[in-house]
Amino acid sequence: MALLSLENVDVQLENTEILRAIEFEMKAGTWVGLIGPNGSGKTTLLRAIGAHIPFDGRIELDERSVADWSAQERARRLAYVRQAPSLTFDFTVEELVLLGRAPQRGWLQAYGSDDRALVQEALSRVDLDGFASRSVLSLSGGEMQRVFLAQALVQEADLLMLDEPTSHLDVHYQYSFMDQVQSLVGGGKTVLAVFHDLELAARYADRLLVLHEGRLVANGAPGEVLTPTCIADVFGMHARIEHRADGTPRIEYLAPISERANENLKEEARVPSAVSG
């Protein structure tokens, strides 16, 4: 049984069609990557799944429409980590992460020692030990991104939705962050993540969904989805694809299609090769 399923989902915002006829399923304990060029509807899709915007069609969590869940019920099951916003109000790191416990508390119910222990554990897991009393206004973009992941961890939701989670992180924390998420999947969590970096998506996701102009144009294993034809048609780049020993693709970008001067580049990009490492 699918944890999450979408059937014929359309989204229109301000009389503009953003998503059209989106259909896919996700099983529990899997990591699905969502890729596509800017403006293809990736963030809109996450917002629709969280019932933050209106949509047509059906989105079900555990065979129940997300539109039928109360906001608190959805928050207990779905955690949404956005690209780290710039905050204009002051919280300590602990206070901001504690907000992730709100769906688990009753109205006016105070946070307890167990909640604070979960916060400390989450901060340790994202390598922010000693940050609890820091003002969020003093943090870098990468540190804020890790604070929002910690907030999602204490939420203890079944489905974790990540919107370009590594966009503010340096290389070390990109892979540290992704390894942390991968450990959550290994522990039974389900992840739907928007990626900008195609190789990073291929390295971590079990399956990739490709959005282009508001439509789902590919759905499959990274090695099957990331082909020279897909990269050319969707991302406007000629590329050569090599495959590592583990089957994940290594992408060499050759030239933007609009600037390609040599027809041989197209044929060269379609010649597969295998590499080890």
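We did not get these values from a lab; they are worked out from the coordinates using the rules stated. Since this is a predicted model, take the numbers as computed values, not measurements. Using ideal geometry, Cβ is built from the backbone for each residue, glycine included, and neighbour counts are taken over all protein chains shown.
Mind checking the full-extension length gain between D179 and R250? Use 0.36 nm per residue of separation minus the Cα-Cα distance, one decimal, nm.
Length gained between D179 and R250: 23.6 nm.
Ranking H172, H196 by Cβ neighbours within 10 Å, fewest first, what do you get?
H172, H196
Out of residues 5 or more away from A218 or on other chains, whose amide H comes under 5 Å of its own, with H placed 1.01 Å from N in the peptide plane?
For A218, the qualifying residues are V210.
Give the residue list of GluC sites (Glu not before Pro) in the stretch 59-139 that are DSSP loop and have at most 15 other beta-carbon atoms within 10 angstrom.
E63
Taking amide H positions as placed in the peptide plane 1.01 Å from N, state which residues far from L19 in sequence (5 or more) or on other chains have amide H under 5 Å from it.
V11
Distance in nm between label sites at S133 and I53, each 7 Å beyond Cα in the beta-carbon direction?
My value for the distance between the label points is 4.2 nm.
Please identify the longest segment of the chain free of exposed chymotrypsin sites (Phe, Trp or Tyr not before Pro), where exposed means a DSSP state other than H, G, I, E or B and no more than 15 other Cβ atoms within 10 Å.
108-277
Count neighbours as other Cβ atoms within 10 Å of each site's Cβ, and list the GluC sites (Glu not before Pro) in the stretch 1-58 that are DSSP loop with at most 16 such neighbours.
When the GluC sites (Glu not before Pro) of the stretch 1-58 are filtered for loop state and at most 16 Cβ neighbours within 10 Å, E14 remain.
Counting DSSP beta bridges with both partners in the chain, what percentage is antiparallel, nearest 5?
For the chain, the DSSP antiparallel bridge percentage is about 60.
With 22 Å as the cut-off, how large is the P(r) tail for the stretch 4-226, expressed as percent of Cα-Cα pairs?
51 percent
As a footprinting exposure proxy, order L153, L216 by other Cβ within 10 Å, with the fewest listed first.
L216, L153
Residue separation times 0.36 nm, minus the C-alpha to C-alpha distance between R76 and N38: what's the value?
Stretched out fully, the R76 to N38 stretch lengthens by 10.7 nm.
Using a Förster radius of 22 Å, what is the FRET efficiency between T16 and H196 based on their Cβ-Cβ separation? Nearest 0.05, please.
0.45
If I model a spin label at D114 and M1 as a point 7 Å from the Cα along the Cα→Cβ vector, what separation in nanometres do I get?
The two pseudo-label positions are separated by 2.6 nm.
Thinking of the stretch 89-188 as a set of Cα atoms, what percent of all their pairs are more than 20 Å apart?
Tail of P(r) above 20 Å: 36 percent of Cα pairs.
For L254, list long-range residues whose amide hydrogen, built 1.01 Å from N in the peptide plane, is under 5 Å from its own amide hydrogen.
H238, A239, R240
How large is ³J(HN,Hα) for each residue in the stretch 24-39, as worked out from phi by the Karplus curve 6.51 cos²θ - 1.76 cosθ + 1.60 (θ = phi - 60°), to whole Hz, x for Gly and Pro?
Listing the rounded values in order: 5, 10, 10, 8, 4, x, 10, 10, 10, x, 10, 10, x, x, 4, x Hz.
Run the dipole for the stretch 4-226 about the Cα centre, Lys and Arg Cβ at +1, Asp and Glu Cβ at -1, nothing else charged, and hand back the magnitude in debye, nearest 20.
Roughly 200 debye, rounded to the nearest 20.
Could you grab the relative contact order for the chain? Cα pairs under 8 Å, six or more apart, rounded to a whole percent.
22 percent
Roughly how many nanometres apart are two label points built 7 Å out from the Cα toward the Cβ at E121 and A67?
Each label point lies 7 Å from its Cα, and together they span 3.8 nm.
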